[in-house]
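Down below is the structure, laid out as structure tokens.
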Amino acid sequence: MKKRWWLAIGVAVLAAVAAGVVLALSGGGAGAQLSHSDYARLWQGTHIGESTSAVLARWPKTPYQHYTDNLKDDCFEWSDVPDVHRNNMPQNLYNLCFRDGVLRTKDLF
């Protein structure tokens, strides 16, 4: 009976460790908030014509919004850090829209 108990504990610990590793490798963790400079660098390094996978691999895993626009493009939007001088509204909104697996438009609001 004692052996089964230790086996169950071992399996539970291994499952917890495996889940933590998967979350860490997939970017599923909360992570640190990017600064305005970080977003500006990402924006400058993102170019029309790049593949969706290449672009999204560099940007934060969870966008502010993910939607389909009126042109049926697959769009992602990220909000910059809050600005106290603008009533804590984001400094910028970074909008990237893809069609057929390629970045078609990028807009900064």
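Computed from the coordinates by the stated procedures, all read-outs in this text should not be read as laboratory data. Here the structure is a predicted model, which means the values were calculated and not measured. Every residue, glycine as well, gets a Cβ built from its backbone with ideal geometry; the counts of neighbours run over all protein chains shown.
Could you look through segment 91-109, keep only residues that are in a strand (DSSP E or B) and free of Cβ contacts under 8 Å to residues at least 24 places away in the same chain, and pick out the one that is surrounded by the fewest Cβ atoms within 10 Å (Cβ to Cβ)?
ASP107
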Looking only at residues that are over 16 Å from the mean Cα position of the chain (by Cα) and in a strand (DSSP E or B) in segment 63-90, which one is surrounded by the most Cβ atoms within 10 Å (Cβ to Cβ)? PRO90
